[in-house]
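Input: a single structure, listed below in structure tokens.
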Amino acid sequence: MFYDLLIASVGVFLIAALGFYGSWLLGQRRHRFTDAFCVVGLLGAPVFSWFLSEQLWLAKFIPVSGAVVWSNFTPVLLAVAAGTVFANQANSILRRGMVGTPLLVIAMACLIGPMARPVIRPLAGFDFDGAQSQASQWRNGVCLQSHESTCCPASAATLLKLHGVDSTEQEMARACLTGQDGTSSLGLFRGLSTATRQASKKACVANRNPESWTSGNQLPVIALVRFESCLPARQTHFTDRYFRLTSYGDHREGHAVVVVGHTDDGDWQISDPAVGRVTWSDQQFRSRFTGQAIYLADR
């Protein structure tokens with residue numbers, strides 16, 4: 001089930017190794033761009049990790065289930081920086097090792113990070129074996145989340161059901177790499193990609209403009225939304241069962257819902273894994289929508 005992640009990890013490792021060797025070779029030849037490569041690696045790694053890592057739009061360019069790993073450029077940037085450090089003969093081997101080795105260790109940690117998240121921070125008390133009655137977890141065609149951090153797997157199960165693909169919250173939690181801190185957007189993309197591998201559908205990144213969903217035949221979609229954490233559930237149709245969506249500088253709570261379509265009044269029909277079917281006005285939806293959404297398209 002995780003062979004796609006293994007292949008992607010090996011691929012990124014090889015790319016990082018080539019980056020290390022290339023920058024080391026330039027350093028050995030005292031190329032004029034060696035220092036520039038070092039700066040790009042040292043500054044680019046934290047910038048990418050902080051602002052760009054695991055963003056859903058990356059799946060547009062890497063539309064495979066292993067995109068969560070393939071799109072991880074942090075290890076490559078760190079490896080390039082480490083190569084220039086080890087090639088700097090102006091410093092002793094000990095000094096080069098003291099700086100370069102930690103960079104390589106951090107690079108490896110960043111490489112396995114997306115896959116290790118559910119192992120390091122597993123879902124506490126979550127019933128992966130499905131001993132809980134599956135029938136009690138569904139309400140009017142909506143899969144209700146059984147854990148505060150599983151709104152993405154539950155929404156994925158609902159979307160798959162709408163397309164005739166049977167799945168459960170437990171299966172999707174594994175496939176989406178869900179941990180105690182929630183699910184990344186690329187983890188959700190992976191879960192849907194693996195679940196539809198044998199089906200006539202495939203996961204795709206939806207347009208950021210909801211107005212184009214109907215004309216683009218993209219509905220229903222899983223939309224990633226945000227709520228003000230201080231607002232009561234009755235005002236937001238939301239409980240404490242949230243999805244922690246990584247977006248630094250935004251302190252609102254992330255959540256995932258399935259947008260089914262419009263009502264006759266122009267409101268949005270929402271399948272919320274926290275409460276079931278609800279209706280949001282267009283203004284409510286647009287104020288909460290993060291611009292990230294996934295739909296299932298024909299192959």
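Since every read-out is calculated from the coordinates, none of them should be taken as a lab result. Predicted model, so just to flag it, every value in this text is computed and none were measured. As a convention, Cβ positions derive from the backbone with ideal geometry for all residues, glycine included, and neighbour counts pool all protein chains shown.
Which ordering of 260, 68, 142 is given by a fewest-first count of other beta-carbon atoms within 10 Å? Don't skip to the end; give the middle numbers.
Numbers: 260 19, 68 31, 142 25.
Least to most surrounded, the residues fall as 260, 142, 68.
Evaluate the distance, in nm, between pseudo-label points positioned 7 Å from the Cα of residue 28 and of residue 163 along their respective Cα→Cβ axes.
Placing both labels 7 Å along Cα→Cβ, they lie 4.9 nm apart.
Based on other C-beta atoms within 10 Å, arrange 15, 270, 120 from fewest to most. Don't skip to the answer; put the middle values down first.
On the way: 15 15, 270 23, 120 11.
Taking fewest neighbouring Cβ atoms as first place, the list is 120, 15, 270.
Could you tell me whether the stretch 138-298 comes out rounded, prolate or oblate from its Cα gyration tensor? Rule is a ≥ b ≥ c as square roots of the eigenvalues, rounded for a/c under 1.5, then prolate if a/b exceeds b/c, otherwise oblate. Please list the in-between numbers first.
Numbers: a/c = 1.42, a/b = 1.11, b/c = 1.28.
It is rounded, given that a/c, with a ≥ b ≥ c, falls under 1.5.
If you take the square roots of the eigenvalues of the alpha-carbon gyration tensor of the stretch 1-66 and sort them as a ≥ b ≥ c, do you get rounded (a/c under 1.5), prolate (a/b over b/c) or oblate? Show your work: numbers first, answer last.
Details: a/c = 3.31, a/b = 1.68, b/c = 1.97.
Judged from the Cα gyration tensor, the stretch 1-66 comes out oblate (a/c at least 1.5, b/c at or above a/b).
Could you please rank 96, 32, placing first whichever residue has the fewest other Cβ atoms within 10 Å of its Cβ? Mind showing how you got there, number by number?
On the way: 96 17, 32 8.
Ranking 96, 32 by Cβ neighbours within 10 Å, fewest first, gives 32, 96.
Using the Cα centre of the stretch 2-120 as origin and beta-carbon charges of +1 (Lys, Arg) and -1 (Asp, Glu), tell me which of 110, 58, 18 is placed farthest towards the positive end of the dipole.
Looking along the dipole axis, the top candidate is 18.
For the stretch 1-105, calculate the relative contact order in percent as a whole number, restricting contacts to Cα pairs under 8 Å that are 6 or more residues apart. Present the calculation step by step, with values, prior to reporting the outcome.
Details: 128 pairs, mean separation 42.2, N = 105.
After rounding, I find 40 percent.
Please enumerate, by chain and number, the aspartates and glutamates with C-alpha under 13 Å from the C-alpha of residue 202, excluding those fewer than 8 residues away in the same chain.
By straight Cα distance, residue 202 reaches 298.
Local charge sum around residue 193 (other residues, Cβ-Cβ under 13 Å, Lys/Arg +1, Asp/Glu -1)? Mind showing how you got there, number by number?
Working: positive: 190, 197, 201, 202, 299; negative: 4.
Counting the neighbours of residue 193, the net charge comes to +4.
Would you work out the relative contact order for the chain, in percent, from Cα pairs under 8 angstrom that are 6 or more residues apart? Kindly include the intermediate steps, with their values, before the conclusion.
On the way: 558 pairs, mean separation 51.8, N = 299.
Across the chain, relative contact order equals 17 percent.
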